[in-house]
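Note sheet for the following structure.
The values are calculated or read from the model by the stated rules, or taken from the named source; none is laboratory data. Bear in mind that the values here come from a model prediction, so they are computed numbers and not experimental data. Here Cβ is always computed from backbone atoms with ideal geometry, including for glycine, and neighbour counts include all displayed protein chains.
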Amino acid sequence: MSVELKELVEYIAKSLVDNPDEVNVAEVQAVQTSVIELRVAKEDLGKVIGKQGRTARAIRTILSSAATKAGKRAVLEILED
Amino acid sequence: MKEYDFEGRTREEALLKASEFLKMNISDMNYKVIELESSMFGLVKKVKVVVQVDDEHVLQALEEESREDEQPETPVMEPVENNVPGDVLLGERVNDVLGRIIELMGISAVRTIEETDQEVVVDIKSQEPDVLTGKDGRVLSSLQFIVNRIVNRRSDVRKHVLLDVDGFKERREAQLQEEARQMAMKAVESNRIFKMGPLNAKDRRIIHLALKDNADVSTKSEGNGAQRRLLIIPRGLQGRGGRGKNRGRKRERPRRQNGQATEPKNPASE
């Protein structure tokens, strides 16, 4: 089984929001670090960030754990569409 | 004619139940006795009595009663079930969502799911449990939080989803309790206040409870949010735990000045 960081973020985000069609995820890969850029509809921003950023923090924790398993580092950027 | 089954530890017990339920005298009943379980010494542990009822009046009365009984019997379950489209239980959804997330994390894992009317309890077994729990269980709480968010998002039925990886939570609790005891000892020996590392609220609670009955120390937490730390205070030093500033629990929110809202919002920068 392989680690799919981009798909992981995409799946979680799409499951959380009201407009899954407007979820866009891009992965920018550097040597050891991946930057995952997550874009959601403006009204869904709160859904992926959560109260006091709790949802975003949880996604980052899960993402980091998966990345570590793959011997990488991953950074999640949440952007407004 | 209809047959009714009753169980008891003895024949008498089963027959009494039958008599009460059917509102018949035992002497009026036509029954047979079946021994369900017997121990090594031939002592019967469980007895089933099958009563044949052919009296029309008794049957009619029973039928009417069972119709009346149906509603109050399941007062909690019924509205819950009615709200679920097509009787979909949340457990299936939990299994799908969790399965997909774990798969995308690159892990294979077996899941056991138990569902009650209030909770969905999942135990995960994996070759790489650390990837799913993380240091201090942070990954596990994150997974639990996200899965809860996803499955309870639209449905009217809300159930708490509890995840565990091969008994991790229990082991973590035992480990924290042991750590608490050691820290308390050190604090007493050195007669100094001991500050624990960063812990989440649940873990702090475990430590507070572990030292609740320890007469040599008291515990309290200070600081806000991520900076909140648990202090273990030897008896002799109680009452000056907090070192002045910031002693109480969470500070109140910044006050509004003349009705103007304070605290600028910037949601994107977590």
Can you spot a residue in the range A:24-43 that is in a helix (DSSP H, G or I) and over 26 Å from B:Gly137 (Cβ atoms)?
yes
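Name the residues in the range B:117-138 that are assigned to a loop (DSSP other than H, G, I, E, B) and either of a type in the set (Gly, Ala, Ser) or within 14 Å of chain A (Cβ to nearest Cβ) (or both), would you?
B:Gln127, B:Glu128, B:Gly134 - these are the residues of the range B:117-138 that are assigned to a loop (DSSP other than H, G, I, E, B) and either of a type in the set (Gly, Ala, Ser) or within 14 Å of chain A (Cβ to nearest Cβ) (or both).
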Single unsatisfied condition, A:Val35 versus (1) at pLDDT below 95; (2) more than 11 Å from chain B (Cβ to nearest Cβ):
(1)
What is the number of the single condition among (1) in contact (Cβ under 8 Å) with a residue 12 or more places away in the chain; (2) within 13 Å of another protein chain (Cβ to nearest Cβ); (3) within 17 Å of the chain's Cα centre (by Cα) that B:His160 does not meet?
(2)
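If a residue must be part of a helix (DSSP H, G or I) and among the aliphatic types (A, V, I, L, M), how many such residues does the range B:139-165 contain?
Matching residues across the range B:139-165 total 7.
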Does B:Asn148 fit the bill of being within 14 Å of chain A (Cβ to nearest Cβ), more than 22 Å from B:Ile232 (Cα to Cα) and among the polar types (S, T, N, Q)?
yes
Those residues of the range A:60-76 which are of a type in the set (A, V, I, L, M, F, W, C), in a helix (DSSP H, G or I) and in contact with a strand residue (DSSP E or B) (Cβ under 6 Å, 6 or more places away or on another chain), in sequence order:
A:Leu63, A:Ala67
Residues of the range A:56-76 satisfying the condition of being facing another protein chain (nearest Cβ under 7 Å) and in contact with an Asp or Glu (Cβ under 9 Å, 6 or more places away or on another chain):
A:Ala56, A:Arg57, A:Ser65, A:Ala66, A:Lys69
So, of the residues in the range B:86-116 that are in a loop (DSSP other than H, G, I, E, B) and farther than 11 Å from A:Ser65 by Cβ, which turns out to be modelled with the highest pLDDT?
B:Ser108
Sort through B:Asn224, B:Asn214 and tell me the only one that's surrounded by fewer than 19 Cβ atoms within 10 Å (Cβ to Cβ), modelled with pLDDT of 90 or more and among the polar types (S, T, N, Q).
B:Asn214
Could you go through the range B:173-191 and let me know if any residue there is under 19 Å from B:Ile146 (Cβ atoms), part of a helix (DSSP H, G or I) and more than 16 Å from the chain's Cα centre (by Cα).
no
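Residues are listed down the side, and each one gets a yes or a no for (1) surrounded by 15 or more Cβ atoms within 10 Å (Cβ to Cβ); (2) of a type in the set (Ser, Thr, Tyr):
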residue	(1), (2)
A:Ser15	yes, yes
A:Val23	yes, no
A:Val40	yes, no
A:Glu43	no, no
A:Gly46	no, no
A:Ile49	yes, no
A:Ala70	yes, no
Considering the range A:1-32 alone, what residues qualify as being within 24 Å of B:Ile102 (Cβ to Cβ), more than 13 Å from the chain's Cα centre (by Cα) and within 12 Å of chain B (Cβ to nearest Cβ)?
A:Met1, A:Ser2, A:Val3, A:Pro20
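The rows are residues; the columns are (1) away from chain A (no Cβ under 14 Å); (2) in contact (Cβ under 8 Å) with a residue 24 or more places away in the chain; (3) more than 23 Å from B:Gly137 (Cα to Cα); (4) surrounded by 13 or more Cβ atoms within 10 Å (Cβ to Cβ).
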position	(1), (2), (3), (4)
B:Arg154	no, no, yes, no
B:Glu170	yes, no, no, no
B:Glu173	yes, yes, no, yes
B:Gln177	yes, yes, no, yes
B:Met183	yes, yes, no, yes
B:Ile193	yes, yes, yes, yes
B:Asn200	no, yes, no, yes
Between A:Thr33, A:Thr68, which is without any contact (Cβ under 8 Å) to a residue 60 or more places away in the chain, β-branched (Val, Ile, Thr) and under 19 Å from B:Lys135 (Cα atoms)?
A:Thr68
